[in-house]
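One structure below.
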Amino acid sequence: MALANVNIAKERCDSLEVAPIPESGIILQIRTGKRQSLGPNQSAIAKSEVEGSVHAGSTGLEGDEHVYKFHGGLDRAIHQYDANHYSDWRAEHPLVPGLFDIGGFGENLTATNMTEENVCIGDLYRIGETVLVEVSEPRNPCYKRNIRFQWPRALKRIQRTGRVGWDFRVLHTGAIKTGDSISLVERPLPRWSVMNVQRVIQGKAVPLPLLEECTALTVLTEKFRDMARRRLEFAPKTYTLVAVDTLTPRLKQFTFILRESLKLANPTFRPLAFAQIRWGVAQASYHDVLQGAGRTPRSTACRAA
């Protein structure tokens, strides 16, 4: 598929393949930055290359800043981006191709051999001699990428391609420097690559059990688990009709059981929902749901007109 045509939201995600194991890599650049103006906004996306060693602490690299706390912190201490993506971006003919170079995405690290397809959530990586980091989430880029790259389509293309990079927690602190090795130590979730998390949350016709599995990945940040929960909550679901009670000549109460064994946090029908009820192959009717209430994690009752 041509790079310019990649769109995760239009891809089917029926199952997840085990991610390949990345070979040990080398840190190519380490970058930190201070808050400064970016158009009408404040941003710390513009980072400069660090010479020599820098301390990697639990909340990030020494000297690195964030405008908002939720852009950093324990779950987003260090951001890594695949430097090979920059040539892919330039091939898409953005308005200012020269802006797509190492550091353009505000990354702290670039390294060899690592990309969204072979880096998994929960992976533990050793950097140099002492630093141990854990992959916490795909990076969740914001609208400032449009300003940064002077390209109104930048954010949309980043989200559609999944070329977002990833964030680390720092489990063991210490000094790192350019030229250090970065090696996989442990992989608890081999199917949940950074790209596969995006496929499940954004993809077309994702099986509900995959969404449910994503919500249960405790090593994944709460933000991304909430995205999966929300998609699971609003996704169409198939129920088995187990009882019909006539309340008035025009009002019936239907009781359903979820056909798939899902653990829903809020097993109720949302406002303005409707139900399609099928009898056999050819017969079906549609009903507006007036009220819904969950009785058990696997069943729900509604009143439909």
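Using the Karplus equation 6.51 cos²θ - 1.76 cosθ + 1.60 (θ = phi - 60°), what ³J(HN,Hα) coupling, rounded to whole Hz, does each residue of the stretch 144-151 give in order, writing x for Gly and Pro?
Per-residue couplings from phi come out as 5, 4, 4, 6, 4, 9, 6, 9 Hz.
If we restrict to alpha carbons, what Rg and Dmax does the stretch 178-238 come to, in Å?
14.1, 53
Between E222 and F234, how many nm apart are label points set 7 Å from Cα along the C-beta direction?
2.1
With springs connecting C-alpha atoms under 10 Å apart, model the chain as a Gaussian network and identify which of S193, S136, S58 has the largest mean-square fluctuation.
Most flexible of the set in this elastic network: S58.
Helix-only mean residue ellipticity at 222 nm, the chain, DSSP H runs n ≥ 4 weighted -39,500 (n - 2.57), per residue, nearest 500. What is it?
That calculation yields -4500 deg cm²/dmol at 222 nm.
Beyond 23 Å between alpha-carbons counts as too far, so tell me which of K204/K237; K10/K263; K34/K156; K156/K263 fall in that bin.
Flagged as over cut-off: K10/K263; K34/K156; K156/K263.
Please work out which option in [x] 44, 21, 18; [y] 27, 24, 20; [z] 41, 22, 17 gives semi-axes √(5λ) of the Cα gyration tensor in Å calculated from these coordinates, and answer with its label.
Structure-derived value, by its label: [x].
What is the gain in length, in nm to one decimal, between L262 and E62 on full extension, counting 0.36 nm per residue of separation less the C-alpha to C-alpha distance?
Values: separation 200, 0.36 × 200 = 72.00 nm, distance 4.39 nm.
Length difference between fully extended and current span is 67.6 nm.
For helix 222-234, what angle does its Cα long axis make with the longest principal axis of the chain, in degrees from 0 to 90 and rounded to 10?
The two axes meet at around 30 degrees.
How much FRET efficiency would the formula 1/(1 + (r/R0)^6) give for T112 and A205, where r is the Cβ-Cβ distance and R0 is 35 Å, rounded to 0.05?
0.50
Test of understanding: ordering W279, W89, W166 by Cβ neighbours within 10 Å, fewest first, what list do you get?
Result, fewest neighbours first: W279, W89, W166.
Quick one: which residues, 5+ away or cross-chain, put their amide H under 5 Å from the amide H of R191? H built at 1.01 Å from N.
Residues meeting the amide H criterion: A19.
Assuming a ≥ b ≥ c are the square roots of the Cα gyration tensor eigenvalues, decide whether the stretch 118-207 counts as rounded (a/c under 1.5), prolate (otherwise, with a/b larger than b/c) or oblate.
Judged from the Cα gyration tensor, the stretch 118-207 comes out oblate (a/c at least 1.5, b/c at or above a/b).
Readers should treat all values here as calculations from the given coordinates under stated rules, not as data from a laboratory. From a predicted model like this one, the values you see are computed outputs, not experimental measurements. Cβ atoms come from the backbone with ideal geometry, glycine included; neighbour counts cover every protein chain shown.
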